[in-house]
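K.L.:
Can you keep this structure in mind? I'll have questions shortly.
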Amino acid sequence: MRRMAWFLFAGGIGFLIDVGVNHLLLTYTPIGPFLSRIPAIMAAMSFTWFVNRNCTFDPSPHSLAVEGIRYWTVGITSALINYAIYSALIARAPIQPAVAIVFASAAATVYSFFGYSRFVFRHKN
């Protein structure tokens, strides 16, 4: 239960970072809703890696470099899932970007929890 609480905390704050950066970029720069997601996702993923590494999961049995590569592999795959769902919703439905982020992030959260717990931070029994 502790692991899930920390994971949801990291994801919740990561979500706020994602939405916040996305909103700032849409409001104060000329880039559109597709390009704005790239730095928003990167900022959110950097925060979640820090929290997940230090609070959510037990220390990885891998070196920091291997752990980082594994984390970013799952994170980037999750971000691609997130981005694909977000883009499909923006392109096909009359939906606000923040609402599209909610649906996209929910799907990516499920994928990333299993990826991080089974691939990045898994210990051999």
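K.L.:
What's the local net charge at TYR71, with K and R +1, D and E -1, over the other residues with C-beta under 15 Å away? All intermediate terms of the calculation are to be shown ahead of the outcome.
P.N.:
Numbers: positive: ARG53, ARG70, ARG118, ARG122; negative: ASP58, GLU67.
In short, +2.
K.L.:
Please work out the C-alpha center-to-center distance from the stretch 72-125 to the stretch 1-43 and express it in whole Å.
P.N.:
If you average the Cα positions of each part, the centres end up 12 Å apart.
K.L.:
If the convex hull of the alpha-carbon atoms of the stretch 1-100 is projected onto planes in all directions, what is the mean projected area in square nanometres? Don't skip to the end; give the middle numbers.
P.N.:
Values: hull surface 27.7 nm².
Result: a mean projected hull area of 6.9 nm².
K.L.:
Tell me the volume per residue, in Å³, of the convex hull enclosing the alpha carbons of the stretch 24-69.
P.N.:
Working: hull volume 4.0 nm³, N = 46.
Given the Cα convex hull of the stretch 24-69, per-residue volume reads 86 Å³.
K.L.:
Using a 7 Å offset from the Cα along the Cα-to-Cβ direction at both ALA106 and ALA93, what is the distance between the two label points in nm, to one decimal?
P.N.:
Here the answer is 0.9 nm between the modelled labels.
K.L.:
If you don't mind, there's one more thing I want to ask. First select every other residue whose beta carbon is under 13 angstrom from the beta carbon of ALA10; then total the charges, Lys and Arg +1, Asp and Glu -1. Walk me through the numbers on the way to the answer.
P.N.:
On the way: positive: ARG2, ARG3, ARG53; negative: ASP18.
Summing Lys/Arg as +1 and Asp/Glu as -1 gives +2.
K.L.:
Before I look further, what does the chain give for accessible area per residue, probe 1.4 Å, in whole square angstrom? Present the calculation step by step, with values, prior to reporting the outcome.
P.N.:
Details: 7250 Å² over 125 residues.
Each residue of the chain exposes 58 Å² on average to a 1.4 Å probe.
K.L.:
Once label points are set 7 Å from the Cα along Cα→Cβ at both ARG118 and ASP58, what is their separation, rounded to one decimal in nm?
P.N.:
1.9 nm
K.L.:
On to the next question. On a full-extension model of 0.36 nm per residue, what is the gain between LEU35 and ARG3, subtracting their alpha-carbon distance, rounded to one decimal in nm? Show your work: numbers first, answer last.
P.N.:
Values: separation 32, 0.36 × 32 = 11.52 nm, distance 3.26 nm.
Gain on extension, LEU35 to ARG3, equals 8.3 nm.
K.L.:
Additional query: Provide the packing ranking of 16-27, 91-102, 71-82, i.e. peptides ordered by the mean count of other C-beta atoms within 10 Å per residue, highest first.
P.N.:
Working: 16-27: 17.0, 91-102: 13.9, 71-82: 19.0.
The most tightly packed comes first, giving 71-82, 16-27, 91-102.
K.L.:
Of all accessible surface on the chain at a 1.4 Å probe, what whole percent is carbon and sulfur?
P.N.:
72 percent
The values are calculated or read from the model by the stated rules, or taken from the named source; none is laboratory data. If you're wondering where the values come from, they're calculated on a predicted model, not measured in any experiment. All Cβ positions, glycine included, derive from the backbone under ideal geometry; neighbour counts span all protein chains shown. With ligands, DNA and RNA removed, areas are computed over all heavy atoms of the protein, side chains included. Shrake-Rupley method; radii C 1.70, N 1.55, O 1.52, S 1.80 Å.
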